[in-house]
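Heads up, the thing below is written out as structure tokens.
The values are calculated or read from the model by the stated rules, or taken from the named source; none is laboratory data. Keep in mind that what you see is a predicted model, and the values were worked out from it rather than measured. FYI the Cβ positions are ideal-geometry reconstructions off the backbone, even for glycines, and counts take in every protein chain you see. Side chains are part of the model used for accessible areas, which takes the heavy atoms of the whole protein and leaves out ligands, DNA and RNA. Shrake-Rupley method; radii C 1.70, N 1.55, O 1.52, S 1.80 Å.
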Amino acid sequence: MAKTYSDLFSEVRQNVKTLPLEELKQRLDKANGRSFTLVDVREKDEFRQGYIPGAIHIPRGFLEMQAEQKLPDKQAEVVVYCAGGTRSAFAAKTLAELGYTNVKSANPGFVRWKDMSYPIEEPPRFTEAQLDRYSRHIMLPEVGEKGQQKLLSARVLLLGAGGLGAPASLYLAAAGVGTLGLVDADVVDASNLQRQIVHATSRLGQPKVDSAETQLTDLNPDVKIVKFQERLLSDNVDRIFGQRWDVIVDGCDNFPTRYLVNDASLFHRIPVVHGSIFRFEGQVTTFAPFEPYNGPCYRCLYPEPPPPHLAPSCAEAGVLGILPGIIGTLQATEAIKLILGQGDPLVGRLLTYDSLRMTFRTLKLRRDKSCPACGENPTIKEYIDYEGFCAGVGH
Ligand SMILES: [Zn+2]
């Protein structure tokens, strides 16, 4: 005789271990209590209204298909829950049949959890337009809705809206980095347009920060632009860096600014993705001489600027127009990874690119314990405006 639903359910209940909500709450409260994976098996619409913090979402209907990918360790403890305890009991049975050895069903479920005023988390809320715009990010497990939300909440400061800042800002805006700060005192000149693709012939003579804002907000209206039409100096650096930036993308290529950026970013503890270009060659690295990165800073490599007469010439040097596109795009990639917390950042590594040979190389950079800025006994206590160098900014 065929089983009825109540036969099936009572059979399942007898065989599935349950975990009372009070106990689940206690285990979640413990700092190291997260020795298990919590799985929400409700439907997408229910999950969107809120879930138990830290839960991963596998709707009951997708459990058999997604379990092995999302729950790779079959010996690990898994706690499933639904709204009232029925779907989760069936889900626990299914997981046991798939070979999971330590599965419990939280009892009764999310409805009671919410009634008890236990903490809940809500998934990021996107508009339909945003779900569409960022769909190729959201499909990546390494980004997903959470990662996209991080990008939208992130603040990146670009030093220079020139050769490096142009491609970097375009890709950061396209990716949905919610706030972009632009520091640049210059106006758009016709000789910029061979490489500074955020600007346009129709905006010649405009301040670069205004021209870039027009292009970036047209590309992505989600992005807010914070403009600083000024040169970065010791007397404005704290005001500019002090506005809670997550990452600095440095596209200024002159010695005084480079040292100032180094010392101020160390003081404000903001990672700096540094890029520079010369003729056909470019390089990128990330300076973050503090937790959790603990890499070198610029002064670990070059403690003091060379005397002005020995510094590389700042006279207008030629540059292949595409080169800053590649280096600036690498910088934007680094910034996105730092925001998402994914991959290996270029901390302690210098990536060099030679466009004529078409080669990339990576050199190791080491932190120096006797560094005057980030070492054990730092001697740099205040910002220094090094004089005697050219003042050019942004390639
Ligand atoms: Zn250092």
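Identification of helices (runs of 4 or more DSSP H) wholly contained in region 232-311 with 1 or more residues that are within 13 Å of the ligand (Cβ to nearest atom) and surrounded by fewer than 20 Cβ atoms within 10 Å (Cβ to Cβ) yields 255-268, 298-301. One residue stands out in region 52-69 among those that are surrounded by 13 or more Cβ atoms within 10 Å (Cβ to Cβ) and more than 20 Å from GLU122 (Cα to Cα): the one that is farthest from the chain's Cα centre (by Cα), namely GLU64.
Among residues of region 132-147 being touching a helix residue (DSSP H, G or I) at 6+ places or on another chain (Cβ under 7 Å) and of a type outside the set (Asp, Glu), the one that is surrounded by the most Cβ atoms within 10 Å (Cβ to Cβ) is TYR134. Annotation note: of SER211, SER265, SER234, the sole residue that is touching a His at 6+ places or on another chain (Cβ under 8 Å) and among the hydroxyl-bearing types (Ser, Thr, Tyr) is SER211. Residues in region 75-114 that are open to solvent by less than 60 Å² (accessible area, probe 1.4 Å) and among the basic types (Lys, Arg): LYS104 alone. The residues in region 81-104 that are under 19 Å from LYS114 (Cβ atoms) and either among the charged types (D, E, K, R) or under 30 Å from the mean Cα position of the chain (by Cα) (or both) can be counted, and the count is 1. When region 157-198 is filtered for residues that are open to solvent by 10 Å² or more (accessible area, probe 1.4 Å), in a strand (DSSP E or B) and within 19 Å of LEU340 (Cβ to Cβ), only THR179 remains.
Of all residues in region 333-369, those being open to solvent by 90 Å² or more (accessible area, probe 1.4 Å), free of Cβ contacts under 8 Å to residues at least 60 places away in the same chain and not in a strand (DSSP E or B) number 4. Just one of the listed residues (LEU350, LEU323) is among the aliphatic types (A, V, I, L, M) and more than 15 Å from the ligand (Cβ to nearest atom), namely LEU323.
Within region 370-389, the set of residues being open to solvent by 90 Å² or more (accessible area, probe 1.4 Å) and either within 16 Å of PHE287 (Cβ to Cβ) or among the aromatic types (Phe, Trp, Tyr) (or both) is empty. The residues of region 363-389 that are within 19 Å of ASN254 (Cα to Cα) and within 11 Å of the ligand (Cβ to nearest atom) amount to a single one, ALA373. The test for being among the small types (Gly, Ala, Ser) and without any contact (Cβ under 8 Å) to a residue 24 or more places away in the chain holds for SER117. Here LEU38 fulfils each of the conditions (1) open to solvent by less than 10 Å² (accessible area, probe 1.4 Å); (2) on the phi > 0 side of the Ramachandran plot apart from (2). Looking across region 164-191, the residues that are out of contact with any Leu (no Cβ under 6 Å at 6 or more places or on another chain) and not aliphatic (A, V, I, L, M) come down to PRO167, TYR171, THR179, ASP184, ASP186, ASP189, SER191.
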